[in-house]
Structure formats: structure tokens, C-alpha cells
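These notes concern the structure reproduced below.
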There are 4 protein chains.
Amino acid sequence: MTKKLMKGSEAIAEAAVQAGCKLFFGYPITPQNEIPEYMSMRLPQVGGAFVQAESEVAASNMIYGAAGAGERVMTSSSSPGVSLMAEGISYLAGSELPVVIVNIMRAGPGLGGILPSQADYLQATKGLAHGDFRVLVLAPWSIQEAADLVQDAFDLADYYRNPVMILGDGLIGQMMEPVEFREVREPIKELEPKTWATTGCNGSRPPNIINSLFLDPEKLEQHNIHLQTKFDQIVRDEVRFANYHTDEDYDVLIVAYGTVARVCSTAIDELREAGKAVAMVRPITLFPYPYEAVREAALNASSVLVAELSSGQMIEDVELALARSRPIHFLNRMGGMLVSPDEVVAKVTAMLDGRSEEVHHG
Amino acid sequence: MTKKLMKGSEAIAEAAVQAGCKLFFGYPITPQNEIPEYMSMRLPQVGGAFVQAESEVAASNMIYGAAGAGERVMTSSSSPGVSLMAEGISYLAGSELPVVIVNIMRAGPGLGGILPSQADYLQATKGLAHGDFRVLVLAPWSIQEAADLVQDAFDLADYYRNPVMILGDGLIGQMMEPVEFREVREPIKELEPKTWATTGCNGSRPPNIINSLFLDPEKLEQHNIHLQTKFDQIVRDEVRFANYHTDEDYDVLIVAYGTVARVCSTAIDELREAGKAVAMVRPITLFPYPYEAVREAALNASSVLVAELSSGQMIEDVELALARSRPIHFLNRMGGMLVSPDEVVAKVTAMLDGRSEEVHHG
Amino acid sequence: MTKKLMKGSEAIAEAAVQAGCKLFFGYPITPQNEIPEYMSMRLPQVGGAFVQAESEVAASNMIYGAAGAGERVMTSSSSPGVSLMAEGISYLAGSELPVVIVNIMRAGPGLGGILPSQADYLQATKGLAHGDFRVLVLAPWSIQEAADLVQDAFDLADYYRNPVMILGDGLIGQMMEPVEFREVREPIKELEPKTWATTGCNGSRPPNIINSLFLDPEKLEQHNIHLQTKFDQIVRDEVRFANYHTDEDYDVLIVAYGTVARVCSTAIDELREAGKAVAMVRPITLFPYPYEAVREAALNASSVLVAELSSGQMIEDVELALARSRPIHFLNRMGGMLVSPDEVVAKVTAMLDGRSEEVHHG
Amino acid sequence: MTKKLMKGSEAIAEAAVQAGCKLFFGYPITPQNEIPEYMSMRLPQVGGAFVQAESEVAASNMIYGAAGAGERVMTSSSSPGVSLMAEGISYLAGSELPVVIVNIMRAGPGLGGILPSQADYLQATKGLAHGDFRVLVLAPWSIQEAADLVQDAFDLADYYRNPVMILGDGLIGQMMEPVEFREVREPIKELEPKTWATTGCNGSRPPNIINSLFLDPEKLEQHNIHLQTKFDQIVRDEVRFANYHTDEDYDVLIVAYGTVARVCSTAIDELREAGKAVAMVRPITLFPYPYEAVREAALNASSVLVAELSSGQMIEDVELALARSRPIHFLNRMGGMLVSPDEVVAKVTAMLDGRSEEVHHG
């Protein structure tokens, strides 16, 4: 198995194909057009199909149909396009359909710009659409991790019969890194045949129905209780995070995800070289959020720094985790501007020197 | 000024007309069709216009156009329809356009059912769509309050140049109560002429542009900083809540909003009559959330009960407010089922008797 | 009453307003955007409403709704946009709804170009959409006539409860000429109140239903017989045409409509000055087509010249009229190119000199 | 090669697959849903793809994309759905893309009914959409012929790079007959590789562009001249018709197509058995229309009967062919009602007895 230099978007697409994804429906939007482009070339080679839909609304219903038929299917978009899929995603979750949705975030709100952002965190993790449901949200910080998470995403989607989102920023989509794909790969969950899928019964079994409509409120409540049991299981079993220098002493704990975490790791190396005690917890799953890991790591620090490419969205989950047990500081850029290692170094130094003010949210 | 017996949906619609709303664009969905129906009859009488759009996506762009032209405009829908407006709402917020959006929540996810729910709380308050923005969310608990809040909503929308959402449940939309409209009514905020609107300049002034696209990331960051300043001001100035028996002693503090709060008030009357010390804080604005009011009131209680028609959404904001300072208990129904006063009485009694278990979220 | 210098598109729009049109629904397309632009400014002044729809498909359904409610309503578009309205127009005709549709033809097929054309003649007169129906088609050759025909169109639409199309080319839309509007204007047909309209009955009369669905084939056949009776009456009563020098001797008869007829009239003046015996019949209604007028005039000539901005579309109706009784010659340009007076002069001269070949179609 | 009993819709679908059609895009509408249903089952078996589009508008653009990529692609619909494809079909013709479009006509106008009709003749042959273009129209009268014509349609579409329409009525779609498919089948035209298709050049050749936009009117005129040359060639080379008893004496010539021709053949058998001299010309291509064949056959008769399931649409082409050389009589039903053999017998008998009146159109 050799490494191949690939753009993030292409690695995501290839990983999906390697995971057995045969179908892709989407509508183009910068900065993730390399994903549909790659899929349009690649899927016919494996007997699959690529369809550019009339709109993101149409695409979100097409993946519903394909997932209902038991196929592995993916869509990808960027922020405004994901908003257009909101209703469809609620239908997918309500009907318990496994799909993988890639959001390569661009800066908003509205049309905004085409440069990287993390401002769809709250949308992805809390309020993606109407009704009580959640999607698993996986946030890679490298091309290799993006490829690995895409493959895991298909297994998780199938196992939980629920949409899984890959939440990246424009850097994850655009930068190039060496990546390798495991040729023979075992599913990460024990997967059962999709006996629920509408594959055509022809009298050989009772017909399957894929549906999110329950006009009887008692049945709809039962359905919701069933869904919540599933989300509770996800919260219990699927939390992922990575630690960076948390096995050493540290005064400041950084919490960051995605490419911002990568910037922070560079800054931490520099800071530690200069004798500053800094560590990081990097959430990999944004839902379920690693509340306990963040809390435990924070309790070993004097203060916590949250760094984000947004006005402050993940910070709400850090506050939930910490419950005011440690002061929280915040470093961010918006509108497509990036946080630099120097800014992180400066901010941490200011915190250590008592020149930074904590923030409050709730 | 006399009171008139009206259905909630009709009162909401009439209140909008009284507030100077001349335009309505929407697409029908149960259980709020009385709003567009009333508007289609009423708006022509005041020289306005009602348009049933091709879809909620279309409606969300039509209100963009009308608001950009400086008109007072409203749309209404129910849960799945609001999800379809997600992209449009982000555009409205990004372009700083004042509109009033009514969401009469039905149970989900997906198509779900047509009975009342509060399961769009997280969507409304946290993740309505992509990008860094918020909408003011007002949650009435009676028909009179619904009418009053609709009128306030137009002033708040104009003042902050931001979408304002009325978040009701099916009961607010369907039940009938006496309601009165203030004939002469002063705006609740000092409003300035909409000199930014695209009303046709004909050379008399520089052209106005309504836009959310900023390809230069520095400009987009500045735009986001400007928006955040506005949201900070909203958090500082617009928090609304109501207290119920908090000026008396209480062991248990209930936090609930909308019709659930009304159910709880009945239960509290019954409990207090039986000598049980219970009080309630009812958030009226869901964004901005009354964190301080909830926290202060909770500190006077031994434990807190959150009651919701969802799997537990507002409870996240209560946890942020309390920061583990008091145990939180939870009572809910889902799928269109209602919480009854008896259930509230039973739950509070169990809490007082030590037979209820607290819940943890973060 | 004074004449005002106006662009054709604006005169068409103003004429509609003068005719009592209160509503306009459309989607922009070159070269007729001055019509919606003018309407968006003008309709609010008369208590009407202008809506830019999501698409031409949406617009064609909005005019259905407005006409069904008994209002005078117009839409306008150019060739590709009219094709998108095809289904809607069949619904309008099937449901017997009066609307005025303006098609300012651009060159096709497909996206084509934005310059004038007459290549939608067959679409307008024969095969606008599925099913047995026709629309009245009025083809002006000047701005004044365009304004007059628009006003007549509303009366004809109401009288026959059928769509009426104004078929112009880009020159009619773009050129400027003095135009006057009759201030007090009697309808050209005796119009009855629209007792069939869905105006809200509130129990005061049986509900009206606007519908084109008849699942019982006997009823649908009766409905079609009723429609055909109407189209027969239109053919009998509404034929319009203009003659040019047909009361003098002529060897060559030109048949042309719209701005091409105007070019031909210039050529005829020149030819007659040079002693060449030429005359013209100009169809004003394209459906119903002035077959008899064309035939009678042709029988006084030795040969007939058809001039069109298409590959030859109206020529089919001239052939039907003549039934091989006279040789037909053809002069045309396509793709937005115009026929010039010189080309007409040259062609007629060639015909008179025996240097032009006749054409055959059927 | 054995015959198989098949429904018309299924035979049409299977014939397409046998012809190498790999892709189908459409939207369901009665009475032709068996075509998409069959395709959704069959295409994956041959490595193809079936997509139910968001609408007929979407489908008409998807076949544009697929044809542009050089694939054999088909769509099918019924009358209102074909109207929705009008714009798309003009784009296909303008961009010279080979597709096969099946229209199983239902009665109109508007929603109409779901029973058989021939009322889309004028739409199909004259005015399908804006601009100067034609589609080849093939009208089968049996299931076997439907299957054969579908296979020919793909060859004709590819050869002329133009849309080809199969125009059937509900009977063709719904009835069952034995049908056989030629296993090895030579194309009916000499086909060249699609070197113009956008298959991805990767620098190996100059990029191909599929386009119908020509902003320069001179270029658009040249493009139109090129298209007309092609349509002229089609008129010259592709006329198809069938004669029935025209090699014997006849007083009455019937002109009919599709299943009406089949009804007429039964009537003719009966009439000839009773000693009545009747024959028929059955157009198989409606564009190009067999004007010469109809004219020549008519000149051997005393009078001509046109029978149609419409108000009289093909009769216009018969009038063009005959140019008043013979009296034309007309028999029709509308709204989904069928013409019976008895009605044909009665009409022909009345014609022979001088009890039928001729009709006039132009």
C-alpha cells in the first residue's frame, strides 16, 4: 500500500468509492466542486452513477431515494447548499436512512465568500433542521484523516441508520497531502444486511416502507423515543477526540478542531519549545461532543483557550463541558480569514501573562 | 378598544396587518394555514399583496426582495417548511433585512405529524442555517401575547435589520382566546427611515445595494464583526422573560416556555394550593436567552425542572445558565403528545419527595 | 389626448394598465425586460401588484390563480420563457381563463440570441402545448398598434375566457414611437361580470371551481366540444388584417406581418414609385388566420411573396390559403438578422423578371 | 428469436435497452408509468442508470447532459409532461443532441383525463417550442411497430443529431401484443463515432462545446441555415407511411395514424367485404409528413376521410397535401373517447351515399 499525493476533496471522493459508495447526487458550489467532479469521473468506473441534480433540494431527496433502496450514497456541498438540504436531512433522519453528507464550509452568512470557515458548527451539531434528531459529525484535520473518516462514516451511517456529516473547511478540501487507502478494510461496526430497504419484494417478503410520517401522535412519540435511544447510544459509544501533550504538564488547554487544531499544534510546538506549558484536546466527533474529555483535560489546566473560525460556536459546548470550572478565553477569525500560529502563540502568551480576558456566553 | 375572540393564527395575521405588514409570501402547510388564508383575504383590503409562492424556497426569496425594498413583510410556515427556508434566512441575516417569520411547530423529524411540538428550539436559536448569525426568537404563551409579540417583532426587525421569528406550537395557532389590538401604537424602538432600501433612486441618491456576498475575506470579516456587534446588543438589550411566584419561597423552579409554560402555571397553582413551594421562569425571548434570570431564580431553589415538548432542547440553555449549580430534572412528551398539568404535578411531587432523578447533558 | 414618445415594451405595459390590468407575474428575459420593469414601477401606483416569480413555470401558474380570481392579469416573456409556460398555457385554456401573454420573440432555437425573430409563429398558432386548444394571437407592426392590441387583448380574453397572446419581435419591444392612449375606452366586446370566478362565496352562492381535469371521458369530450365551438366562433368573428395597395393593380402580393410587414411597406412604396405593381396583405390576427383575405388578394396577383424572420413558418398558412392556386416565393432572414427594404425590392424585382424560384412546402 | 407477450410501454422500454439506451431520466405521469418503472428495473442490469427527476423540466435538462456526453438516452412522458419539456427540447434541437422522447398522449387540454388521445399532433409536428426546429415524429400502430420504431429512433437521432419523438396514444402504451426483438441488429443509418461529445478531452483533443447560444446574429443565422439543411434532408430521406388496399380500386381514401389507423383497417376489411371500395394511407412519420403519398393516393379516390382522436390536427397536413383537389371529410372523437370500427363504417357509407359533408379548414 503506497501513499498518493491527493487534494483533500479528491481523497474524500476516492475514500467514498473505496467504502463502496456507488451513487452521488449533488449540485456544484465552490469550494468543493472537486468532489462531484471526481465522482462524475470515478463512479461510472465502478458501475455506479453520478447525477448533478437540479438543486440541492433535489439532491437531498435523491439521496433519500438511493439510501432507501439500500445503496451507499453520498452528497457534498458547501454552507449555503447544505442549508438548502435542511428539510431533506430531517426526512433522512426521520426515516432512519444512512447517507454521508460532506460540508466543506465557506464563510457566511448568506452568499458570504468562498474561503474557509467553521461557522456551520452550530448548524451541524444542534439545529440542522426541524424536529428531534442529530447527525453524527466528523471533523478531520488532515487529508489522511478525512479519507479515513469518510470510510468510517459509511459504516456508522449504516450501523445507526442515520445521516453522518463530514464537516471540513475549505483548507481540508483544497490542500494536498499524501494519503493511502487500506485495500482490504473491515467495517468498524458489525453491519447487518439492509433487510429494511425497498429493493423490490415481488411477493418474496412483506413490502418495506420508508417513511417519516406518523399521523398518530402516540406512534410518533414511540418513533421519537426509538430515535432518542439511538442518539443516546451514539453519545455513549462514538465519541472521538485526540490529545496533544496532555500527558505532560500544562497551564493552558487549547480546544480546537479541524485545520484550526492543526494550526494550534504548530503553535504548541513553538510554545513548548519556549518552555510554555500548553496542551490541546481536539474533538474529532462534534456530535457526539467529547464533553468528558474536554472537562477532564481542562481540570488539569489553569485556563482554557477555544480557537475557531467563527464568532464562537463550539465554545458553547466547551462551556457546557466546563460548567464555569475554568476560565475560557477565545481566539477567532471570521469571513474566510485564518488563525495563524503566531496569533495562537501571542494569545496563549497573553493568557499566561494575565493579559487576556476570559469570555462568557451563557 | 374591545376584545375579540380569535383563533391564534388569525390573531397573529391581524396583528401583522395592524403593525403595517403589507406583504405576505408563503406556501401552505398544516397546522398554520389559517395565517396565509387570513392574509390572502386581509392584505388586499389594506392595499397590500398576498402571494402563494411555488415553494417555501421561493417564499424565502420573495420576502428577501420585499424587505430589501423597505416593506414590512411576513412569512409563516410549520417545521418542514421552515427548514426549506434555511438558506433564505441566512441570506436575509447576511444582508441585514428585516422580516418576520412565524413557525407554528409541528412534531418531527421529517414529515412527522401535524400536532404541537417544541422540537425546533435548537434550530430556531442555534443552527437555523449556515454562517454566523442569529434571529430574535419570540415565544408567546397566549393568543394576546402572540398578537403583541408579532407587533413588537416588526419593530425589532426594523430596528436591528434582522429576521425575527415568532416560535409557536400548534396550540398557539389553533386555540381561540379574546384578543385586543391597540389602535394607536407607538413603535417599541426608535425607528429611522429605511434609507438603505432599494426603492429606486433615479439619480436622486447613490444606488443602494442589498447583498450578502463579500469575496474579499477582510471585508467579510468586517461585515461579520459588524453583525456580531448587533447580536451582542440584542443579547444585552432584548432579553424578555416572565416570572411566576418567584417572589415567594420555592423549592422547585420550573423553566418552560410557550403553551407548556401555561400548562405548568396551572400545575403550579394546584401545587401551591397543596402547600408545595414551586415557581417558574418563562423565557419569552429564546434568543436572546434569559440566562441570568434563569440562573438567579434557580439559585433560590433546590432543584430545577425543565419541561418541553421535545427530547430536550431548551434544557441545553438551562444547563449553560446553571453551570451545574443546581440539579436539573426533565419532563417531556414528543410526537405531538402534550404535557398535562397532572404530569407536571406528579413530577414536581416526585422531585420534592426525592423520587426523581436528575439528568445530565453536557 | 396627446401623443407620448415611448419604447414599445413600455407602451405595451402602460396599455395593459390602462386596460385595467392590476397584476403581473413573470420572470426576466432579454429583450423584453422593460415590460416587467415598467410594471414593477407602475402597478403599485394603481393598487395592483407585480411579482417576479421563481421561474416562468411558476409565473404561468400564478397568472392561472389570478385569472381564476377574476382579475385582469398579464405576463410577458421571450421565446425560451414562453416555452417554459407551455404546460401552464394549456391549463389556462383548458380551464377557460382569460390572460394576456406577451411574447417578444428572440432568435432560437434553444438559447439562441437576443435579436428579433418571428420563429415562434408555429408555436404560437399551432402547437403551443398539449391538447386541443388555441390562443388568439395578435401581431402588431407599430408601437401604437401594440398598445391598441394589448387593450383589445384584455377584452377578447375576457369575452372568450381564453388566453390571448401578443406576438411581437424584438423591434416592437425596443423601438420608440409616439403613442396615445384613449382615456375613456369602451370594451370592444360586450363583457359580462365574471360570475364564474373564485372570489370567495361565503355561502352567498354555490362555490365556483376552476378546473381542467375531467376523468370521465364523456365529460371531457363535451368540454372539448364546448371549447371547439368557442374556437370556431373566434375563427368566424375575430379575423383581422390590413391591406396595402390592394385596391390598385398588382402583379405581386406580399404577405407579411409585424415589423417585417413594415419593412415591406417601405419597399412597396419604393417599388410602386418605380412603377412596379406590388401590394400586401398583413395578417394582424395570426390565429385566427385571415385565410380568405390572403386567398382573395392572391387571386388578383400573378405570384405571392411571403417574407418572414424564420425558416418559413407562416408560409404554411399561406399555402393552406392558396391551395396551389398561385406560385409562392419566399424571402427570409434568421438568427436575429433583419430583412431590409432593399432585399424586398430586389426579391420582388426578381419575381417580376422571372429570376426567382417558387417554393413548395406541403 | 421468439415472440413475447408484452405491454406496449414495456416493449418500448425494452426496445430502447436493446438499442443501447443506457440512461433514462423522467418524471411519472399516467398513462405511461410502466416505461419508467420498467427502466428503473432494467437499466441497472445493463450497467445503465435510471433517475426520477424533480420534474419534467429537470428531466429535459438531464437528457441534454447525457446526450451531450455521447450516451444513448431516453425520456418518456404524457401530454402535460411533454409541454413542460418544451424549452428543453428546443435546447436539444438547437444544440443538435440526439435523444429519444416518448409521448404517450392523454386527452387534454390542461390536466384533461388519462385516456388515449391524438391531440398533441400539432405540438409534436409544428410548434413544440420556440425557434426554428423540428423533431422527427414516429407514430406506431402496434406494439411490434412501437418496438421497431424505438430502435430506429435511436439510429435516426444519432444520425441527424436531433431529438426523435415516439408519438403514441394510451392504447399503444397499455395494450398487450406479442413482440420480438432482433438480437443482432444493424443500425438503419451509417453512424459515425460521436467525436463531438463532451467526454473529457484531457488535452488529447481540442475541447468540445455543446451549446445553443450564438450572440452574433450572423453566426446564429449560419447555424439556422445548417439546421434547416438537416431538416430538408430529413424531409427528403425519412418519410415513412404504409398503404392499405391502395393497389386496388377505391372511392374513399382514409388517412389515419396510430391506433386510429388500426381501427380503420378493421372497418376497411368490413367495408370491402361488403363491396365498398375503400383504402388507406397511414403516415408513420408525422414529421416528415408523407404529403406526396397522401396526395397521390387521394387523386385515385373521389373523396378523403381523415380520422383522428382530436378536434382535427393532422387534417391540416392532409389539406396541405391535397390543396383542395379532393373533398375532405372528417371523423373524430375527443376527450379520451375512441373511434370505433362501426363509426368508421358508418361514416364511409355516408360518404359513399352522399350523406356526409366535407369540411374546410384553411
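The values are calculated or read from the model by the stated rules, or taken from the named source; none is laboratory data. Given the structure is predicted, the values throughout are model-derived calculations rather than measurements. Glycine gets a Cβ as well: all are built from the backbone with ideal geometry, and neighbour counts include every protein chain shown. Side chains included, ligands, DNA and RNA excluded: accessible areas come from the protein's heavy atoms. Shrake-Rupley method; radii C 1.70, N 1.55, O 1.52, S 1.80 Å.
Tell me the angle of helix C:217-237 to the major Cα principal axis of chain C, expressed in degrees between 0 and 90 and rounded to the nearest ten.
Its long axis makes an angle of about 50 degrees.
Counting only heavy atoms of the protein chains, get the accessible area per residue of segment C:233-362 (1.4 Å probe) and round it to a whole Å² value.
Details: 4810 Å² over 130 residues.
Dividing the accessible area of segment C:233-362 by its residue count gives 37 Å².
Could you give the C-alpha radius of gyration of segment B:102-158 expressed as a fraction of 2.2 N^0.38 Å, taking N as the number of residues it contains? Could the numbers behind the result be given before it?
Details: Rg = 12.9 Å, N = 57, 2.2 N^0.38 = 10.2 Å.
Compactness ratio reported: 1.26.
Give me Rg over Rh for segment D:270-355, both radii from the alpha carbons and Rh done the Kirkwood way, two decimal places.
On the way: Rg = 12.9 Å, Rh = 13.6 Å.
Value, to two decimals: 0.95.
Select the chain C residue whose beta carbon lies nearest to the rotation axis carrying chain C onto chain D, and write the distance in whole Å.
That would be C:127, 1.
Show which lysines lie in cross-link reach of residue C:7 when reach means a straight Cα distance below 22 angstrom and same-chain residues fewer than eight apart are skipped.
Excluding near neighbours in sequence, the set is C:22.
Pairwise over distinct Cα atoms, reciprocal of the mean inverse distance: report the Kirkwood radius of segment A:212-362 in Å, one decimal place.
Values: mean 1/r = 0.0607 Å⁻¹.
It works out to 16.5 Å.
Once amide H atoms are built 1.01 Å from N in the peptide plane, which residues 5 or more positions from residue C:286, or in another chain, come under 5 Å H to H?
Hits under the 5 Å cutoff: C:137, C:138, C:139.
Measuring from centroid to centroid over Cα atoms, what is the spacing of segment A:180-210 and segment C:138-155 in Å?
64
Looking at segment D:52-174, what % of its DSSP beta bridges pair antiparallel, to the nearest 5? Walk me through the numbers before you get to the answer.
Working: 1 of 14 bridges.
Around 5 percent of the beta bridges assigned by DSSP in segment D:52-174 are antiparallel ones.
Would you mind giving the mean number of other chain beta-carbons within 10 Å of the Cβ of each residue in D:77-86, as a whole number? Working shown, then result.
On the way: counts 1, 1, 5, 10, 2, 4, 14, 9, 4, 13.
Mean shielding by partner chains, rounded to a whole number: 6.
What average count of beta carbons from other chains do you get within 10 Å of the Cβ of residues in A:210-221?
Values: counts 0, 2, 7, 5, 8, 6, 4, 13, 3, 3, 14, 9.
Taking all residues of A:210-221 together, the mean is 6.
With a 1.4 Å probe and all protein chains left in place, how much accessible area per residue does segment D:81-225 have, in Å²? Walk me through the numbers on the way to the answer.
Working: 4740 Å² over 145 residues.
Accessible area per residue: 33 Å².
Could you please tell me the mean projected area of the C-alpha convex hull for segment B:1-93, averaged over all directions and given in square nanometres to one decimal? Mind dumping the intermediate values first?
Numbers: hull surface 24.9 nm².
If you wrap the Cα atoms of segment B:1-93 in a convex hull and average its projections, you get 6.2 nm².
With a bin width of 5 angstrom, please list the P(r) values of segment B:144-200 as percents of all Cα-Cα pairs, from the 0 bin to the one holding the largest distance.
Per 5 Å bin, starting at zero, the Cα-Cα P(r) for segment B:144-200 comes out as 4, 15, 22, 20, 17, 12, 6, 4, 0 percent.
Sort out for me the Cα centre separation of segment B:1-47 from segment A:71-117, rounded to whole Å.
Centre-to-centre distance over Cα atoms comes out at 34 Å.
Mind checking the dipole of chain D: about its Cα centre, +1 per Lys or Arg Cβ, -1 per Asp or Glu Cβ, Debye to the nearest 20? Intermediate values should be presented prior to the final figure.
Details: 29 positive and 47 negative charges, 116 e Å.
The calculated dipole for chain D is roughly 560 debye.
At a 1.4 Å probe radius, carbon and sulfur cover how many percent of the accessible area of chain C?
On the way: 6270 of 12650 Å².
Here it works out to 50 percent.
Compute the accessible area of each residue in segment B:292-338 twice, once for its chain alone and once with every protein chain present, using a 1.4 Å probe on heavy atoms, and list those whose area falls by at least 40 Å².
Residues shielded by partner chains are B:311, B:316, B:320, B:323, B:324, B:334, B:335, B:337.
Give me the Kirkwood hydrodynamic radius of segment D:107-265, using the inverse of the mean 1/r over all pairs of distinct Cα atoms, in Å to one decimal. Please list the in-between numbers first.
Values: mean 1/r = 0.0527 Å⁻¹.
Result for segment D:107-265 stands at 19.0 Å.
Give the share of C-alpha pairs in each 20 angstrom bin for the protein assembly as shown, from 0 to the last occupied bin, in whole percents, shortest bins first.
For the protein assembly as shown, the pair-distance distribution reads 9, 33, 34, 18, 5, 1.
Please give me, ordered by residue number, the trypsin sites (Lys or Arg not before Pro) of segment D:286-357 that lie in loop per DSSP and have at most 10 other Cβ atoms within 10 Å. Don't skip to the answer; put the middle values down first.
Working: sites: D:295, D:324, D:333, D:347, D:355; in loops: D:324, D:333, D:355.
Answer in residue order: D:355.
Working from Cα positions, state the angle (0 to 90°, nearest 10) between the long axis of helix B:56-68 and the longest principal axis of chain B.
So the inclination is approximately 60 degrees.
Defining the label point at 7 Å along Cα→Cβ, can you sort the distances from residue C:275 to the same site in each other copy, shortest first, in nm?
Spelled out, the distances from residue C:275's label point are 6.8, 11.6, 12.8 nm.
For n ≥ 4 DSSP H runs only, could you compute -39500 (n - 2.57) per run for chain B, divide by its residues and tell me the 222 nm figure to the nearest 500? It would help to have the intermediate numbers written out before the result.
Working: 13 runs with 142 residues, N = 362.
Estimated from H runs of four or more residues: -12000 deg cm²/dmol.
Summed for both chains, how many Å² of accessible area, to the nearest 100, are buried between A and B with a 1.4 Å probe?
5400
Note the angle between two axes, namely the Cα long axis of helix B:8-18 and the longest principal axis of the Cα atoms of chain B, as a number of degrees from 0 to 90, rounded to the nearest 10.
The angle comes out near 40 degrees.
When only alpha-carbon atoms are used, what values of Rg and Dmax, in angstrom, describe chain C?
Taking only Cα atoms of chain C, I get Rg and Dmax of 20.8, 74 Å.
Just order B:264-271, B:22-29, C:247-254 by mean Cβ neighbour count inside 10 Å, highest at the front, would you? Display every interim value, and only then the final one.
Values: B:264-271: 20.8, B:22-29: 22.9, C:247-254: 18.6.
Top of the packing list down: B:22-29, B:264-271, C:247-254.
Other chains near A:226-236: what is the mean number of their Cβ atoms within 10 Å of each residue's Cβ? Please report the intermediate quantities before stating the final value.
Values: counts 0, 3, 4, 0, 0, 1, 1, 0, 0, 1, 0.
Taking the mean over all residues of the peptide, I get 1.
Above 13 Å lies some portion of the pair distances; for segment A:205-261, what is it as a whole percent of all C-alpha pairs? Don't skip to the end; give the middle numbers.
Values: 1228 of 1596 pairs.
For segment A:205-261, the share of Cα pairs beyond 13 Å comes to 77 percent.
Read phi for every residue in segment B:292-301 and hand back ³J(HN,Hα) as whole Hz from Karplus 6.51 cos²θ - 1.76 cosθ + 1.60, θ = phi - 60°, with x for Gly and Pro.
Each residue of segment B:292-301 in turn: 5, 4, 5, 5, 4, 5, 5, 5, 8, 10 Hz.
In terms of Cα to Cα distance under 24 Å, which lysines are near enough to residue C:126, apart from those fewer than 8 places away along the same chain?
Within the straight-line cut-off, residue C:126 pairs with C:230, D:126, D:230.
To the nearest 20 debye, what charge dipole does the protein assembly as shown have about its Cα centre, counting +1 at the Cβ of each Lys and Arg and -1 at the Cβ of each Asp and Glu?
Numbers: 116 positive and 188 negative charges, 2 e Å.
Computed about the Cα centre, the dipole is about 0 debye.
Run through the DSSP bridge list for chain A and note the antiparallel percent, rounded to the nearest 5.
On the way: 11 of 43 bridges.
In chain A, approximately 25 percent of DSSP beta bridges are antiparallel ones.
For segment C:311-362, run through the GluC sites (Glu not before Pro) and keep only the ones in DSSP coil with at most 15 other Cβ atoms within 10 Å of their Cβ.
Answer in residue order: C:357, C:358.
To the nearest 20 debye, what is the magnitude of the charge dipole of segment C:33-169 about its Cα centre, counting +1 on the Cβ of each Lys and Arg and -1 on the Cβ of each Asp and Glu?
Values: 6 positive and 15 negative charges, 27 e Å.
Roughly 120 debye for segment C:33-169.
So, by mean Cβ neighbours within 10 angstrom, what's the order for D:239-245, A:122-128, D:189-195 with the highest one leading?
Working: D:239-245: 17.3, A:122-128: 27.3, D:189-195: 11.1.
Output ranking for D:239-245, A:122-128, D:189-195: A:122-128, D:239-245, D:189-195.
Output the peptides B:301-312, A:218-229 sorted from most to least packed, where packing is the average of other Cβ atoms within 10 Å over each peptide's residues. Write down the numbers at each step before the final one.
Numbers: B:301-312: 23.2, A:218-229: 17.7.
Ranked from most to least packed, the peptides come out as B:301-312, A:218-229.
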